[in-house]
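The values are calculated or read from the model by the stated rules, or taken from the named source; none is laboratory data. Keep in mind that this is a model prediction, so the values were computed, not measured. Note: ideal-geometry Cβ built from the backbone for every residue, glycine included; neighbour counts use all protein chains shown.
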Amino acid sequence: MDERELREFWHSILRALQPVIKRAEFLTWFGNTNVHSFEGGILTLAVPTIFYQSWVNNKYLNLITAEAKKLNSEVKSAKIIVDSTLMRQKKDTNITALEAPQPKPVSTTSSPTQSSGKYEVQEVSGNGSSINPRYTLENFVVGQENQLAYAAAKAVSNSPGSTYNPLFIYGGVGLGKTHLLQSIGNAVLKKYPKKRVHYSTSEEFTNEYIAMVQKKRASQFKEKYRNLDLLIVDDVQFWARAEQTQIEFFHTFNALYEAGKQIVLSSDRPPREIANLEQRLRSRFEMGMLIDIQPPVYETKLAILLTKCEEKGHLLSPEILEYIANNAGTNVRELVGVLTSLLAYIDLQGKMPSLEDVAHIFDRSMKPEKPNTAQGLRQSSAPMGRSLNEQDVLNLTAEEFNLAPAELLSEVRKREILVPRQLAMYFMREDLQFSYEHIGEIFGGKNHTTVMHACQKIAEQIKKDKLLVKHYNAIKRALR
Ligand code: ADP
Ligand code: MG
């Protein structure tokens, strides 16, 4: 095979793999993978780091070999080598060409400045605002939930003041709002070093304004803010009731907007849901681009974990990463927190944790405030001398997960509630021997097939999810 044939062969393999591998994983693992050679029946592929090598070997080598054999009978085996020059290369553009034009890339490019782990806070434009260089668009992992926000942040960074103005990003805690806002600041400063960029939270803005007014330097405050090219205000939901500050911000906003300067805002909720926000500010916020960030799905969580591992120069087995992605909630800060605890464990112990260790570390870092229920510290317990009823199951399950019983009965489909809810259904079926129909009624009139499905799901999960087993055992003990 000459080079061109070799590449085409590799691309036909990729085309065969693509439908059977989850999209995010496909992009993550094969975006930087290249074909190296085909000699003596051995197809050699190259990946950028040993981290990739371990992962692709573990998860995809059999699949790759099988597809390669199907396409070319001369193939005997495949192997993966490391070629570190792939690190610095752009992703194989042909990968993108293979893709249907769905605008949902999972970017795992990490900025080279991240590797030190430390960062300094850089003062910008001498006005006391600080943009943290740690947060960049390059190290923001893009998944379907934040893809629009990311695209808007990028557009605004490329031409501040002329695309989406104001840009208003909202979403729950720990979903990357501050990261994106700071990235915009960094990107603008990189592209236009002379532009005046200011980042503050709404609280900082308020405090600064009040302090300046007290010092009778309100005009200085005005001058500073109204001469900016890019004003970023984070967490505007905290603007509650600071009326005078809101008026000041309103004028600042108008001055900047009319001068064609960019304004970027974030909040944990859309403007219409921010209590105490002045009507005219609300309508200003709503006149630009409003974009929400949704909680990350499994693939995005996995991609974030991978990126962070690479940044920190660590190698974790696919099983461990999958375990974390599967069991973590959707707060990325917590997700990264669990990973950090794990990496600290590895550094301290000098060995890879077992899945059981991981479950333990995971449990500790996710719920630090939680008493050790296994030691009998729980407040409620099963009734003495009467048989168990559904309320006991609800109470004990809720307590084990630090939830309210009513949350178990609610319609909320967040994983943190969904799994405990399913577990409660499972206990009602297995321990109370209720019919699926009856359990469905208890949970607000759910169909019996929904309950059946939930019970099957738990029965399956219990086989492989050690953390769930721990919860299961704790509740089971309490029910006795
Ligand atoms: P928010 O402001 O929405 O509460 P942050 O921006 O502070 O959330 O994010 C919490 C942490 O998670 C930060 O360390 C951030 O870098 C990280 N993070 C969140 N989303 C992503 C993402 N998509 N890619 C990489 N890191 C992320
Ligand atoms: Mg934030």
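Please determine whether any residue of the stretch 41-49 is in a loop (DSSP other than H, G, I, E, B), touching a Ser or Thr at 6+ places or on another chain (Cβ under 9 Å) and at pLDDT 90 or above. Yes; the residues of the stretch 41-49 include at least one that is in a loop (DSSP other than H, G, I, E, B), touching a Ser or Thr at 6+ places or on another chain (Cβ under 9 Å) and at pLDDT 90 or above. Number of residues in the stretch 176-218 that are within 30 Å of residue 300 (Cα to Cα), within 16 Å of ligand 1 (Cβ to nearest atom) and in contact with an Asp or Glu (Cβ under 8 Å, 6 or more places away or on another chain) equals 7. For the condition at pLDDT 90 or above and over 24 Å from residue 238 (Cα atoms), residue 195 qualifies. Selection of the stretch 151-175 for residues being surrounded by fewer than 24 Cβ atoms within 10 Å (Cβ to Cβ) and within 8 Å of ligand 1 (Cβ to nearest atom) yields 171, 172, 173, 174. Listed by first and then second residue, the pairs linking a residue in the stretch 2-26 that is within 18 Å of residue 44 (Cα to Cα) to a residue that is assigned to a loop (DSSP other than H, G, I, E, B) and of a type in the set (A, V, I, L, M, F, W, C), with Cβ atoms under 7 Å apart and 6 or more places separating them unless they lie on different chains, are 9/1. Considering only residues in the stretch 233-266 that are touching a residue at least 60 places away in the same chain (Cβ under 8 Å) and hydrophobic (A, V, I, L, M, F, W, C), the one that is farthest from ligand 2 (Cβ to nearest atom) turns out to be 253.
Yes/no per residue for (1) touching a Phe, Trp or Tyr at 6+ places or on another chain (Cβ under 9 Å); (2) surrounded by 15 or more Cβ atoms within 10 Å (Cβ to Cβ); (3) at pLDDT 85 or above; (4) among the β-branched types (Val, Ile, Thr):
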residue: 380; (1), (2), (3), (4): no, no, no, no
residue: 393; (1), (2), (3), (4): yes, yes, yes, yes
residue: 409; (1), (2), (3), (4): yes, yes, yes, no
residue: 417; (1), (2), (3), (4): yes, yes, yes, yes
residue: 440; (1), (2), (3), (4): no, yes, yes, no
residue: 452; (1), (2), (3), (4): yes, yes, yes, no
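Select the helices (runs of 4 or more DSSP H) contained entirely in the stretch 123-228, then report the ones holding at least 3 residues which are touching a residue at least 40 places away in the same chain (Cβ under 8 Å), within 16 Å of ligand 2 (Cβ to nearest atom) and under 25 Å from residue 283 (Cβ atoms). Filter on the stretch 123-228 gives 177-191. The residues of the stretch 282-319 that are of a type outside the set (Ser, Thr, Tyr), part of a helix (DSSP H, G or I), farther than 17 Å from residue 30 by Cα and out of contact with any Leu (no Cβ under 9 Å at 6 or more places or on another chain), listed by number, are 282, 284, 286, 311. Screening residue 147 against (1) more than 16 Å from ligand 1 (Cβ to nearest atom); (2) of a type outside the set (Asp, Glu); (3) over 19 Å from residue 235 (Cβ atoms) leaves a single unmet condition, (1).
Is it the case, given these coordinates, that residue 133 is more than 10 Å from ligand 1 (Cβ to nearest atom) and out of contact with any Ser or Thr (no Cβ under 9 Å at 6 or more places or on another chain)? Answer is no for this residue.
Under the condition of being of a type in the set (Lys, Arg) and at positive phi, the residues counted in the stretch 161-218 number 1. In the set 37, 73, only one residue is polar (S, T, N, Q) and part of a strand (DSSP E or B); that residue is 37. Checking 253, 285, 221 one by one, the residue that is surrounded by fewer than 21 Cβ atoms within 10 Å (Cβ to Cβ), more than 16 Å from ligand 1 (Cβ to nearest atom) and at pLDDT 90 or above is 221 and no other.
Pairing residues of the stretch 319-344 that are more than 15 Å from residue 141 (Cβ to Cβ) and near ligand 1 (Cβ under 10 Å from one of its atoms) with residues that are assigned to a helix (DSSP H, G or I) and of a type in the set (A, V, I, L, M, F, W, C), at Cβ distances under 6 Å and at least 6 apart in sequence or on separate chains, gives no pairs at all.
Results for (1) within 16 Å of ligand 2 (Cβ to nearest atom); (2) free of Cβ contacts under 8 Å to residues at least 12 places away in the same chain; (3) surrounded by fewer than 21 Cβ atoms within 10 Å (Cβ to Cβ), shown as yes or no for each residue.
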{"site": "268", "(1), (2), (3)": "yes, no, yes"}
{"site": "280", "(1), (2), (3)": "no, no, yes"}
{"site": "289", "(1), (2), (3)": "no, no, yes"}
{"site": "296", "(1), (2), (3)": "yes, no, no"}
{"site": "302", "(1), (2), (3)": "no, no, no"}
{"site": "311", "(1), (2), (3)": "no, no, yes"}
{"site": "315", "(1), (2), (3)": "no, no, yes"}
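Going by the conditions given, is residue 232 β-branched (Val, Ile, Thr), within 16 Å of ligand 1 (Cβ to nearest atom), part of a strand (DSSP E or B) and buried (at least 21 other Cβ atoms within 10 Å of the Cβ)?
Yes: the conditions hold for residue 232.
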